[in-house]
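Q: Structure incoming, see below.
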Amino acid sequence: MADTASSSPFKKIQIQRDDTTFDAYVVGKEDAPGIVVLQEWWGVDFEVKNHAVKISQLGTGFKALIPDLYRGKVGLDAAEAQHLMDGLDWQGAVKDIRASVDWLKANGSKKVGVTGFCLGGALSIASSVLVPEVDAAVAFYGVPSSELADPAQTKAPVQAHFGELDNFVGFSDVTAAKALEKKLKASGVPHEVHIYPSSAHAFMNRSPEGLQRRKGMGLSDEDETAVELAWSRFQSWMTQYLSI
């Protein structure tokens, strides 16, 4: 079943897990390594789709899959996004991620990584702890609560990216980033934690709409060099751990 927008590069699919099904959006080369791409607190909107298309085209190509964790809902402003994130069943989201990884492995991807932004960044790290089928994770500005997952128990290589100006205390600020690094060190798995000096939260969002939305939230930093460096590190990490 094709995505509703005729010009969209995505194929819309349905994935079954337990007694529920959810929509997901797939883009990229059929037999390429898979990457599950997890939404920000907004939901499956233009920005996470931009990221998935970008990921599918990096290097020799990846097959990117976005699971719809909010089941079709999208936050149009920060208050609505906060409400949706507060209402998320995080354990259920981890099950969605596992089902997404399994779908990719059953459909041509021999190895599968997980990445995500904000809410999705925290879930990426959680999946490296709770989903044994994950081969690598890259998290952007988000750390899971200790109730959900302890990064010291991670089993897959983790790379994480944070902005030094991020003020989401305990979730993606520098203190949270350094605490995560300490936990990853304890896990003994390969890991990298990168902090970008002139960047705030959601610094990877570069579309005109995304920049406008960030400015509306008081985030006016623009550092293309940091964005390019982060994508370069992402590509190296996923290529290293998802190559056969």
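The values are calculated or read from the model by the stated rules, or taken from the named source; none is laboratory data. No experiment lies behind these values; they were computed from the predicted model shown. Glycine also receives a Cβ, built like all others from the backbone with ideal geometry; neighbour counts cover every protein chain displayed.
Q: Please go through the range 187-212 and give me each residue that is at pLDDT below 95, among the charged types (D, E, K, R) and surrounded by 15 or more Cβ atoms within 10 Å (Cβ to Cβ), ordered by number. It would help to see each step written out before you state the result.
A: Our first condition is that a residue be at pLDDT below 95; within the range 187-212, this holds for 198, 206-212.
Retained after the next criterion (residues that are among the charged types (D, E, K, R)): 206, 209.
Scanning the range 187-212 gives a single hit, Arg206.
Q: I've got another one for you. Name, by its number, the condition in (1) part of a strand (DSSP E or B); (2) surrounded by fewer than 21 Cβ atoms within 10 Å (Cβ to Cβ) that does not hold for Val37.
A: (2)
Q: Still on this structure: Mind listing just one residue for me: the one in the range 107-162 that is of a type in the set (D, E, K, R) and in contact with a Ser or Thr (Cβ under 8 Å, 6 or more places away or on another chain) and, of those, nearest to Gln39 (Cα to Cα)? Full working, then the answer.
A: Taking the range 107-162 as the starting set, the residues that turn out to be of a type in the set (D, E, K, R) are 110-111, 133, 135, 147, 150, 155.
Now restrict to residues that are in contact with a Ser or Thr (Cβ under 8 Å, 6 or more places away or on another chain): 111, 155.
Values: Lys111: 21, Lys155: 22 Å.
If we take residues in the range 107-162 being of a type in the set (D, E, K, R) and in contact with a Ser or Thr (Cβ under 8 Å, 6 or more places away or on another chain), then Lys111 is nearest to Gln39 (Cα to Cα).
Q: Would you check if there is a residue in the range 84-91 being touching a Pro at 6+ places or on another chain (Cβ under 9 Å) and of a type outside the set (Phe, Trp, Tyr)? Quick ask: steps written out before the conclusion?
A: Taking the range 84-91 as the starting set, the residues that turn out to be touching a Pro at 6+ places or on another chain (Cβ under 9 Å) are 90.
This time we only want the ones that are of a type outside the set (Phe, Trp, Tyr), so: none.
No, that holds for no residue.
Q: Looking only at the range 53-70, which residues are of a type outside the set (Ser, Thr, Tyr) and either part of a helix (DSSP H, G or I) or out of contact with any Asp or Glu (no Cβ under 8 Å at 6 or more places or on another chain) (or both)?
A: Step one: of the range 53-70, the residues of a type outside the set (Ser, Thr, Tyr) are 53-55, 57-59, 61-69.
Within the range 53-70, Val53, Lys54, Ile55, Gln57, Leu58, Gly59, Gly61, Phe62, Ala64, Leu65, Ile66 qualify.
Residue-wise test of (1) in contact (Cβ under 8 Å) with a residue 12 or more places away in the chain; (2) within 26 Å of Val134 (Cβ to Cβ); (3) not polar (S, T, N, Q).
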| residue | (1), (2), (3) |
| --- | --- |
| Glu181 | yes, yes, yes |
| Ala202 | yes, yes, yes |
| Arg206 | yes, no, yes |
| Gln212 | no, no, no |
| Leu219 | yes, no, yes |
| Ser236 | no, yes, no |
| Leu242 | yes, yes, yes |
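Q: Being hydroxyl-bearing (Ser, Thr, Tyr) and farther than 18 Å from Trp237 by Cα is the filter here, so list the residues in the range 82-141 that pass it. So that I can check it myself, show each step before the final result.
A: Keep residues of the range 82-141 that are hydroxyl-bearing (Ser, Thr, Tyr), which gives 100, 109, 115, 124, 127-128, 141.
Result: Ser100, single match.
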